[in-house]
Amino acid sequence: MILLSCFVSASNALLRYSLDISNNWPLELQWYLFASAVMLGASYTLKRNEHVRVDLIYSQLSDRGRVWVDLFGLSLFLMPACLLFTWLSWTTLFYPSWLVSEHSANAGGLARYPIKFVVPFGFFMLSLQGLSEIIKRIGMLQGKNTLPTADFKYEKPMQ
């Protein structure tokens, strides 16, 4: 999506400055593609265990301690936030927009409700991945999964 967004941006700039052809839909399409990449990439990033963490304590813990910290954070912070944001973005962002078939106020703009669907869908997918990670961490604590797995690694950042 990012590569496609760059292509749309470059094409739009080329048409705008070389041929004096201008339209609003390519600008909105860039925004839609970037928003989709962010919202849909969050669950994949969590699956790969590549989200940013605060390194004050985590790097000093044993592998089992890291599993406990992850389990605590996933259960008490990620899951409630994702479920709340899924529900709120569905009821206040997407659904009202879909009911009226909301479109951009800009001339030649795109429909707004499809991109507004990406927000609750992205949070829903993140909550499903969060549930998967909780199950993995519980399995690790019970000895059913090896500790650490290939995706459960910690790399101290270069200073």
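Every number here is computed from the coordinates shown, using simple stated rules; none is lab data. Fair warning: this is a prediction, and the values are worked out from it, not measured in the lab.
Restricting attention to the chain, the count of lysine pairs at 8 or more positions apart or across chains with alpha carbons under 16 Å apart stands at 4. Using C-alpha pairs below 8 Å separated by at least 6 residues, the relative contact order for the chain is 30 percent. For the chain, the longest principal axis of the alpha carbon atoms and the long axis of helix 2-18 meet at an angle near 20°.
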